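Have a look at the structure below, then the notes.
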Amino acid sequence: MDPVRLALTRRLVDAFGLDRDVEVVSAKPAGESTLRLVHREDYIEAVKAASVDPGAADSAYGLGTVDDPAFAGMHEVSALIAGQSVGAAEAVWGGEALHAVNFAGGLHHAMPGGASGFCIYNDASLAIARLLELGAERVAYVDVDVHHGDGVQAAFWEDPRVLTISLHEHPRTLFPQTGWPEETGAAGAAEGSAVNVALPAGTGDAGWLRAFHAVVPELIADFRPQVLVTQHGADTHFEDPLAHLAVSLDAQRAVQVACHELAHEYAGGKWVALGGGGYAVVEVVPRSWTHLVAIAAGRDVEPGAVIPEGWRQEVFARTRQLAPARMTDGRWPVEYVGWEAGYDPADRLDQAVLAARRAVFPLRGLLA
Ligand SMILES: [Zn+2]
């Protein structure tokens, strides 16, 4: 979670002149009452205490651990990131912006009562909770980070107003070891409001896109969200050091385009897009989220676009790593076979997709 990944992303956005096509807004940090929409008061107090005295961090709340080390000012920084996603949601709901992007956000592992997986406050959950507070009755959350969007699923487990869909590497091989297809929401009205596609390790572009298109559009078309919130963790990439999918930037960009289209088709264009994981901080993250900003700005950067030399020099100066030369991995156009064609019962990817569909589609009145 080296913050250099955010700085390099912002610089690459600027290098393509996209900063002139978007309005860059500093929203307020999330205040107490906002944080409490999702997080327990005792947890917020524990974060504040660790923020003042990192040595006294309470590991019962996941603080001061290897994944979530305590540091001075951690409450303020985390509340600031959360505030940007909440501000994005408010702007989209209120109509000041049709789309909003917070690539510092997408901290989807934070739980109502504890830190987890590099995440302190769950900005995605807070943005959704704020939308509900403002009167939204249907919000869809699509999470394509390589890790399960467990914190967001947990926050709205009992809430039928929020449909959470997560595509991720199978819990058998990856943190946080949840996100099984059988996790479908609390019994009763919320049953069928959580969707989990657990992908086999090694899944590449064709499989990842096939899974996305076999599950997400049908659910969104049926649910008709008033706002679409998406999380674009870039850690599905084949270069990512923390996970085992084999997705290219070309496919990540294709899914970003698809999310943008789904927002227009089914959510009146209202789209809040967030970052997430991504640990190849030079090679992958800046390119992935620059595409995201470009798509939201309506000024798509072509897959084969050459990266401005100034940015590459800055990358080397800051990190001593060689920056990529082009905006994707040269796999454009990425091809996949649609779900209806070519279902193969012996294929592990198809088995994963079918498990997700069978678990939840009938609960929503859809054919699995
Ligand atoms: Zn992740």
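Key figures
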item: Condition broken by Val281, with the remaining ones in (1) assigned to a helix (DSSP H, G or I); (2) of a type in the set (A, V, I, L, M); (3) open to solvent by 10 Å² or more (accessible area, probe 1.4 Å) satisfied; result: (1)
item: Within segment 107-117, tally of residues that are over 14 Å from the mean Cα position of the chain (by Cα) and in a loop (DSSP other than H, G, I, E, B); result: 3
item: Condition met for His260 (surrounded by fewer than 24 Cβ atoms within 10 Å (Cβ to Cβ) and in contact with a Phe, Trp or Tyr (Cβ under 7 Å, 6 or more places away or on another chain)); result: yes
item: Close pairs from segment 88-116: first in contact (Cβ under 8 Å) with a residue 24 or more places away in the chain and closer than 24 Å to His75 by Cβ, partner of a type in the set (Ser, Thr, Tyr) and open to solvent by 20 Å² or more (accessible area, probe 1.4 Å), Cβ under 8 Å, at least 6 apart; result: His109/Ser116; Ala110/Ser116; Gly113/Tyr61; Gly114/Tyr61; Ala115/Tyr61; Ala115/Thr65
item: Cβ pairs under 6 Å, 6+ apart, first in segment 18-43 and open to solvent by 60 Å² or more (accessible area, probe 1.4 Å), second in a loop (DSSP other than H, G, I, E, B); result: Asp21/Ala297; Asp21/Arg299; Arg40/Pro112; Arg40/Gly113
item: Qualifying position, being in a helix (DSSP H, G or I), open to solvent by 50 Å² or more (accessible area, probe 1.4 Å), among the hydrophobic types (A, V, I, L, M, F, W, C) and within 28 Å of Asp19 (Cβ to Cβ), among Ala317, Ala294; result: Ala317
item: Among residues of segment 132-163, those that are part of a strand (DSSP E or B) and either within 12 Å of the ligand (Cβ to nearest atom) or open to solvent by 10 Å² or more (accessible area, probe 1.4 Å) (or both), counted; result: 1
item: Verdict on Tyr121 being hydroxyl-bearing (Ser, Thr, Tyr), surrounded by 21 or more Cβ atoms within 10 Å (Cβ to Cβ) and more than 16 Å from the ligand (Cβ to nearest atom); result: yes
item: Conditions (1) assigned to a helix (DSSP H, G or I); (2) in contact with a Phe, Trp or Tyr (Cβ under 8 Å, 6 or more places away or on another chain): number failed by Leu322; result: (1)
item: From the options Gly64, Gly83, residue that is open to solvent by less than 70 Å² (accessible area, probe 1.4 Å), in contact (Cβ under 8 Å) with a residue 40 or more places away in the chain and not acidic (Asp, Glu); result: Gly83
item: Some residue of segment 246-268 being within 16 Å of the ligand (Cβ to nearest atom), more than 30 Å from Gly365 (Cα to Cα), outside any helix (DSSP H, G or I) and at pLDDT 95 or above; result: yes
item: Residue, surrounded by the fewest Cβ atoms within 10 Å (Cβ to Cβ), within segment 200-244, restricted to residues that are more than 17 Å from the chain's Cα centre (by Cα) and within 16 Å of the ligand (Cβ to nearest atom); result: Pro241
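The values are calculated or read from the model by the stated rules, or taken from the named source; none is laboratory data. On a predicted model such as this, the values are computed, not experimentally measured, just so you know. Glycine gets a Cβ as well: all are built from the backbone with ideal geometry, and neighbour counts include every protein chain shown. Please note that ligands, DNA and RNA were not included when accessible areas were found on the heavy atoms of the full protein model with its side chains. Shrake-Rupley method; radii C 1.70, N 1.55, O 1.52, S 1.80 Å.
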